[in-house]
Structure formats: C-alpha cells, structure tokens
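Read the structure below first, then the notes.
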Amino acid sequence: MGEFDLIRRYFQRPATAGVDVGVGDDCAVLVPTPGARWLVSSDMLVEGRHFLSTVDPARLGHKALAVNLSDLAACGATPRGFTLALALPRVDEAWLASFARGLWALADASACPLIGGDTTQGPLNICITVFGEAPPGQALLRSGARVGDEIWVSGRLGDARLALEVFRGTVALDGAAFDGARVAMECPMPRLALGQALRGIATAAVDVSDGVLGDLGHILEASRVGARLDVDALPRSAVLAAQPAVVQRECLLAGGDDYEIIFTAPVGARLPDTGVALTRIGVIEAHPGLRVVDAHGAAVDHGLRSFDHFKS
C-alpha cells in the first residue's frame, strides 16, 4: 500500500460543515465563524517517550487527539478541525485500522474533523495540530489570575502516573485497579464542555499535562502572582489513596498526563455544572512562588518537579 492509498483508506472523509476543503488537497479550507478568534495548538507523541510500544493502537489514536483537544479545552475553545502528521516504520493495516478507529471515535464525539496532514516512513511519531475558536476576548489564558482567586481542578489526578509506575515496576496493583489506572493513562478525556462553560468565569486556566507543580506554575509566572496549594485537597481515586503518602504526592504533584483543567476564579464565583467534579485546591497569593501545604497549613517539603522533555 502506498502513501496516498493509506490516506484515502484510513484518514479521508467527505468535508463537513465549516470545512470547504478537507483531506486530499494541498491545503484545507476552513470557514471561520464571523468575529470569532482562532486558537491553534500542536502536540507530538513519540514512541518510547510518550507511549509504550505495547499500547492498544485504538487507545493511542484516542490519546493522540485527546492531548491536543485538552489544550483547546483549557483555553475555552470550540474545536473546528485538526491535522495529522504520522510517521510509520511500515504499513501495518491492522494497526492502522485500530488507530484510525480510536482517532475517529474521539474526533466524531468532539465534532472535530480531520482536515489534512502528512504521512511518511520513519520511527513511530504522531503530531497533531488542532484548530478551535472562541468569541473575542473570551479565550481562557494563563495570565489572568488575581490575588485572592481560588484555585480549582477538574476530575481526579495521579492515576496516569500510578499506571506508569506499575509499568516501571515500582508499584504493584491487582488487575482491576491497574486496569482503571491504565485507562486514565491511555484514554484521557479532554474537558471541552467545561472549558467552554468557564468562559467569563475563570480568570486563568491550564491543562494538567506535565504535573500540577509545573502547570500551576505556568499560571503563576504568566499572572505574576504566587499561590498556596493544599496537597491533601488534591482529588484522587481510592486506588491512589491506598498507596503510601510519598507515592501519592509524587503522582499528584509531578505525575502529569492527567489532562484535567486547573483554573482560577474569584471567591464565590458560580461555577458551571458540566458533570465533571470540581475541587478547590488552593488560593492565589501576592508573594511570588508556590507554597505547598497540608490540610493543617504546614509546609510540605516534597522535593519534586514536573515533567520536562529535556530534563526528565
């Protein structure tokens, strides 16, 4: 099978609403909503760095798109389309069919059509660029947090890192517990509805991709503020809560791969109900830096840092 046969078989569909020209030409042609602002983000997944060679290709297709949609969610954007650049060691039709199935399922559920991209031979590498839009002045950014704002997070944290530690052999879980953690690691759900509902409410937002310490740190740096973070308030599963405290804190603070949304909002703000649990985890302060405390307000000396592609 050649490159263009591969694209036609697995990745080409008729253009949808809002797309004049999709896959199959030199460029896609999108129809912008009058007055809206475009939001664009790219993420790359490299075998051995971001995912294991044994991962189910359907789950990999899902996650490849999910991690990009999570960026749109954190900015309060509505998805409009995405491109896919895919390097493959060889043409494996069974693998491609499964990968495409996972990719299309999330694309359809998120109303985010594939509009173009590229394929080539090489080490397995997946690069997706997503396009979204938001009304003028309503995109959520990292730079709007104000002193006194409360810090909130969606969903639960830490299970993805817990699953990784099982693969590394540092943690042991039974079958059902491991399956649940592995789903969190391999099939994250981008919080698109929540992000859109937070427009006009949240003062700043970021998705949790590299760990709470680093990602909340991005808000603090961009907003030029500090924060107090209650590590005991961070939401976690019963499986993670059963682990030793040192394991819990590493997974919660420095785990990453959660793809939940951390956001700030004024005290008393009426938060949206989108069916996703929201937990208050701290407060924005004037003094620079991030102070991690326990439920009693005592400082926590954790010695942890978030994931960094060139340091981790």
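Quick one: in the range 148-170, of everything that is of a type in the set (Asp, Glu) and not in a helix (DSSP H, G or I), which residue is surrounded by the fewest Cβ atoms within 10 Å (Cβ to Cβ)? Working first, answer last.
Of the residues in the range 148-170, the ones of a type in the set (Asp, Glu) are 149-150, 159, 165.
Next, only the ones that are not in a helix (DSSP H, G or I) stay: 149-150.
Numbers: Asp149: 25, Glu150: 18.
Across the range 148-170, the extreme among qualifying residues is Glu150.
What number of residues within the range 57-85 are under 19 Å from Pro123 (Cβ atoms) and surrounded by fewer than 23 Cβ atoms within 10 Å (Cβ to Cβ)?
Adding up the residues that qualify gives 2.
For the range 73-103, how many residues are touching a residue at least 40 places away in the same chain (Cβ under 8 Å) and either in the same structural domain as Asp207 (by TED's automatic domain parsing) or not small (Gly, Ala, Ser) (or both)?
Step one: of the range 73-103, the residues touching a residue at least 40 places away in the same chain (Cβ under 8 Å) are 73-86, 91, 93, 96-103.
Going one step further and asking which of them are either in the same structural domain as Asp207 (by TED's automatic domain parsing) or not small (Gly, Ala, Ser) (or both), we end up with 75, 78-80, 82-84, 86, 91, 93, 96, 99, 101, 103.
Qualifying residue count, the range 73-103: 14.
Among the residues of the range 94-108, is there at least one that is part of a helix (DSSP H, G or I) and buried (at least 23 other Cβ atoms within 10 Å of the Cβ)? Can you show your working first?
Here is the first cut: in the range 94-108, the residues part of a helix (DSSP H, G or I) are 94-108.
Those still in the list that are buried (at least 23 other Cβ atoms within 10 Å of the Cβ) too: 99, 103.
Looking for residues that are part of a helix (DSSP H, G or I) and buried (at least 23 other Cβ atoms within 10 Å of the Cβ), one finds at least one in the range 94-108, hence yes.
Within the range 234-245, take every residue that is among the aliphatic types (A, V, I, L, M) and more than 21 Å from the chain's Cα centre (by Cα) and give me the one that is nearest to Val292 (Cα to Cα). Break it down into steps so the answer makes sense when it comes.
Our first condition is that a residue be among the aliphatic types (A, V, I, L, M); within the range 234-245, this holds for 234, 238-242, 245.
Cutting the leftovers down to more than 21 Å from the chain's Cα centre (by Cα) gives us 238-239, 241-242, 245.
Numbers: Ala238: 22, Val239: 23, Ala241: 18, Ala242: 21, Ala245: 15 Å.
My answer is Ala245.
Select from the range 117-128 the residues that are surrounded by fewer than 22 Cβ atoms within 10 Å (Cβ to Cβ) and in a strand (DSSP E or B) and list them in ascending order. Break it down stepwise before answering.
Step one: of the range 117-128, the residues surrounded by fewer than 22 Cβ atoms within 10 Å (Cβ to Cβ) are 117-125, 127.
Residues satisfying the conditions are Gly117, Asp118, Thr119, Thr120, Gln121, Asn125, Cys127.
I want to confirm something. Restricting to the range 50-76 and keeping residues that are among the β-branched types (Val, Ile, Thr) and assigned to a loop (DSSP other than H, G, I, E, B), which single residue is farthest from the chain's Cα centre (by Cα)?
We begin by selecting, within the range 50-76, every residue among the β-branched types (Val, Ile, Thr); these are 54-55, 67.
Among the residues that remain, those that are also assigned to a loop (DSSP other than H, G, I, E, B) are: 54-55.
Details: Thr54: 21, Val55: 18 Å.
Among those residues, the one meeting the criterion is Thr54.
Considering only the range 198-312, give the strands (runs of 3 or more DSSP E) lying wholly within it that have at least 3 residues that are under 28 Å from Thr78 (Cα atoms). Write out each step before concluding.
On the way: elements: 204-207, 226-230, 261-265, 278-285, 289-293.
Once the strands (runs of 3 or more DSSP E) in the range 198-312 are filtered for at least 3 residues that are under 28 Å from Thr78 (Cα atoms), what remains is 204-207, 261-265, 278-285.
Kindly establish whether Arg142 is in contact with a Lys or Arg (Cβ under 7 Å, 6 or more places away or on another chain), of a type in the set (Lys, Arg) and at negative phi.
When the stated conditions are applied, Arg142 does not pass them.
For (1) touching a residue at least 24 places away in the same chain (Cβ under 8 Å); (2) of a type in the set (Gly, Ala, Ser); (3) surrounded by 17 or more Cβ atoms within 10 Å (Cβ to Cβ), each residue gets a yes or a no:
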| site | (1), (2), (3) |
| --- | --- |
| Ala227 | yes, yes, yes |
| Val246 | no, no, no |
| Arg249 | yes, no, yes |
| Leu252 | yes, no, yes |
| Gly255 | yes, yes, yes |
| Thr264 | yes, no, yes |
| Leu278 | yes, no, yes |
| His287 | yes, no, no |
| Asp294 | yes, no, no |
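Considering each residue of the range 145-179, count those that are on the phi > 0 side of the Ramachandran plot and among the aliphatic types (A, V, I, L, M), and give that number. Give the derivation first.
Narrowing the range 145-179 to residues on the phi > 0 side of the Ramachandran plot: 148, 155, 158, 169.
Going one step further and asking which of them are among the aliphatic types (A, V, I, L, M), we end up with none.
The number of residues fulfilling the criteria is 0.
The values are calculated or read from the model by the stated rules, or taken from the named source; none is laboratory data. No experiment lies behind these values; they were computed from the predicted model shown. Here Cβ is always computed from backbone atoms with ideal geometry, including for glycine, and neighbour counts include all displayed protein chains.
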